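Peer 1: Okay, here's the structure, questions in a sec.
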Amino acid sequence: HRCILETEIGYRLKQDICELPDLGNLHEFLEPIPMLEFADVGYDDLASMGPLDLTAGNSAAACYLPGDRTGEVELNQVSVSLSRGGEIINNGQGSDAFGDQQVAVSWLIEQVLAAGYEIKAGHYLMTGALGRPAPLKPGEYVADYGDFGRIEFIVN
């Protein structure tokens, strides 16, 4: 309908999480990776959409595209640029999500567990958009995370 694209930092779970781990031990549970989220609220009138509508629409989640990490980096310092057809359409920083990736992923784990959901090995978590969402249009896309990784794809 109105799909938008968000550059994010995702986390692939290495093992099940049953309670919030100590912040200093998150690396034992999580593998950070470049990730893209494709979101679609599916509403014609966004001004009249409320929190219940967003919840009913699965928080606009449509799908995601995980990338491969190519290097070790300080996650809050990750800079990402998103381009379509060679033109940069978005820039973001790892610290755009909650101001700190560790705080963001900890908060997310706490919320998921508090809601009664399981977090299992192999699941993915995403901490939030880096930069602004961009409308998804046909073209060749590159999400360049520098030393952290790169995701390339085509929309027809």
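None of the figures in this text is laboratory data; all of them are computed from the coordinates on show. Only a predicted model underlies this, so the values are computations on that prediction, with no experimental measurement involved. No Cβ is skipped: glycine too gets one built from the backbone with ideal geometry, and neighbour counts run over all protein chains shown.
Peer 1: Considering all projection directions equally, how large on average is the shadow of the alpha-carbon convex hull of segment 93-145, in square nanometres? Write out the running numbers ahead of the final one.
Peer 2: Numbers: hull surface 20.9 nm².
Spelled out: convex hull of the Cα atoms, projected over all directions, averaged, 5.2 nm².
Peer 1: Oh, and also: Counting only residues 5 or more places away or on other chains, whose amide H sits under 5 Å from the amide H of Gln15 once H atoms are built in the peptide plane?
Peer 2: Gly122
Peer 1: Also, I was wondering about something else. Of the peptides 93-105, 5-17, 135-147, 114-126, how do they stack up when ordered by the mean number of other Cβ atoms within 10 Å, highest first? Could the numbers behind the result be given before it?
Peer 2: On the way: 93-105: 18.6, 5-17: 20.5, 135-147: 16.1, 114-126: 12.1.
Descending packing order for the listed peptides: 5-17, 93-105, 135-147, 114-126.
Peer 1: Counting Lys and Arg as +1 and Asp and Glu as -1, each charge on the Cβ, what is the dipole of segment 1-40 about the Cα centre in debye, to the nearest 20?
Peer 2: Values: 3 positive and 9 negative charges, 31 e Å.
My answer is approximately 140 debye.
Peer 1: So between Gln15 and Val112, what do we pick up on full extension, going 0.36 nm a residue minus the alpha carbon distance?
Peer 2: Taking 0.36 nm per residue and subtracting the Cα distance, the gain is 33.4 nm.
Peer 1: Here's something else I'd like to know. Add +1 for every Lys or Arg and -1 for every Asp or Glu among the other residues with Cβ under 13 Å from the Cβ of Gln15, and state the total. Numbers along the way, then the final one.
Peer 2: Numbers: positive: Arg12, Lys14, Lys120; negative: Asp16, Glu19, Glu28, Glu31, Glu118.
Taking every other residue near Gln15 into account, the sum is -2.
Peer 1: Compute the separation of the alpha-carbon centres of segment 1-27 and segment 91-156 and state it in Å as a whole number.
Peer 2: 8 Å
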